[in-house]
1. So which of 62, 16 ends up being without any contact (Cβ under 8 Å) to a residue 60 or more places away in the chain and in a loop (DSSP other than H, G, I, E, B)?
2. Can you tell me which residue among 54, 79 is on the phi < 0 side of the Ramachandran plot and either at pLDDT below 90 or outside any helix (DSSP H, G or I) (or both)?
3. Look at residue 29 and say whether it is surrounded by fewer than 10 Cβ atoms within 10 Å (Cβ to Cβ) and either part of a helix (DSSP H, G or I) or in contact with a strand residue (DSSP E or B) (Cβ under 7 Å, 6 or more places away or on another chain) (or both).
């Protein structure tokens, strides 16, 4: 009986540590994966904002592209008459 109790007191904490370690590794992987997807999402959103601002500035008032667009629109309007 004493041997069984001794064995239980030695084995159960080891089994508990193994289970706790397994759970910790699984949780760490899940959190790391979530963080990775958040970083990728933030990079994609930041890139989209960057491209939007560049495109908006490229066609802004006073730029060569804006003058070309306005000239083309003027030509199109005068052809319709």
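1. Values: 16 fails: in a loop (DSSP other than H, G, I, E, B).
Selected residue: 62, the only one of 62, 16 that is without any contact (Cβ under 8 Å) to a residue 60 or more places away in the chain and in a loop (DSSP other than H, G, I, E, B).
2. Of the residues listed, the single one that is on the phi < 0 side of the Ramachandran plot and either at pLDDT below 90 or outside any helix (DSSP H, G or I) (or both) is 79.
3. When the stated conditions are applied, residue 29 does not pass them.
The values are calculated or read from the model by the stated rules, or taken from the named source; none is laboratory data. The model shown is predicted, which means the values in this text are computed figures rather than measured ones. Please note: Cβ atoms are built from the backbone with ideal geometry, for glycine as well, and neighbour counts cover all protein chains shown.
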